[in-house]
Amino acid sequence: MRGSLTLITITSGLFLMSSLGIGLLASTIANTQQEAMLTVMMYNLPSIFLSGFFFPLEAMPRFLQLVSYAIPLRIILIVIRALLLKGVGAGAISE
């Protein structure tokens, strides 16, 4: 681990808040608990595939690359890779 533990904690907290917001949105839209669970699952599967976790973003069509900017998982993966593997600071992440 090369990066700052403080920056990792802050970005993980922001990701957690956005994930909780998505869950609250799903529970607000759904009428039952099963509908809420299905709604979140229908969001999570494309989220994982479009985040660049399994497949490189450069191999995706340009349209899907643009759609993936709306997924919080893509942003947190970029930040965590930069902090943990490269050891960059806050200046490099904010750009």
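Show me the trypsin sites (Lys or Arg not before Pro) within the stretch 1-91 that DSSP assigns to loop and that have at most 15 other Cβ atoms within 10 Å of their Cβ. Could the numbers behind the result be given before it?
On the way: sites: Arg2, Arg62, Arg74, Arg81, Lys86; in loops: Arg2.
Filter output for the stretch 1-91: Arg2.
When the chain is modelled as a GNM with alpha-carbon springs shorter than 10 Å, which of Thr11, Thr28, Thr39 fluctuates the most?
Judging by the Gaussian network model, the answer is Thr28.
Defining a contact as two alpha carbons under 8 Å apart and six or more residues distant in sequence, what relative contact order in percent does the chain show? Could you put the intermediate results ahead of the total?
On the way: 72 pairs, mean separation 41.3, N = 95.
Here the relative contact order equals 43 percent.
Please give the contour-minus-distance gain from Leu5 to Ile78: 0.36 nm per residue of separation, less the Cα-Cα distance, rounded to one decimal in nm.
Numbers: separation 73, 0.36 × 73 = 26.28 nm, distance 1.59 nm.
Between Leu5 and Ile78, full extension yields 24.7 nm more.
Work out from phi, with θ = phi - 60° and the Karplus expression 6.51 cos²θ - 1.76 cosθ + 1.60, the ³J(HN,Hα) of each residue of the stretch 20-36, listed in order in whole Hz, and give x for Gly and Pro.
Values, residue by residue: 5, x, 5, x, 5, 4, 5, 6, 6, 6, 6, 8, 10, 5, 5, 5, 5 Hz.
Placing unit charges on C-beta atoms (Lys and Arg positive, Asp and Glu negative, everything else neutral), compute the dipole magnitude of the chain about its Cα centre in debye, rounded to 20.
Details: 5 positive and 3 negative charges, 54 e Å.
Dipole size: approximately 260 debye.
Looking at the stretch 23-95, which chymotrypsin sites (Phe, Trp or Tyr not before Pro) are in a loop (DSSP not H, G, I, E or B) and have at most 13 other Cβ atoms within 10 Å? Please report the intermediate quantities before stating the final value.
Numbers: sites: Tyr43, Phe49, Phe53, Phe54, Phe63, Tyr69; in loops: Phe53, Phe54.
Passing both the DSSP loop test and the Cβ count: Phe53, Phe54.
Report the residue, chosen from Ala59, Ala36, Ala82, that carries the largest GNM mean-square fluctuation when the chain is represented by alpha-carbon nodes joined by springs under 10 Å.
Greatest mean-square fluctuation among the candidates belongs to Ala59.
What base-10 log of the normalised intensity I(q)/I(0) is obtained for the chain from the Debye formula, alpha carbons as equal point scatterers, at q = 0.10, 0.13, 0.15, 0.19 Å⁻¹?
-0.33, -0.54, -0.69, -0.97
Any read-out appearing in this document is the output of simple, stated calculations on the displayed coordinates, not a laboratory observation. Since the model is a prediction, treat every value here as computed from it, not as a measurement. In this analysis, Cβ positions are derived from the backbone assuming ideal geometry, glycine residues included, and neighbour counts consider all displayed protein chains.
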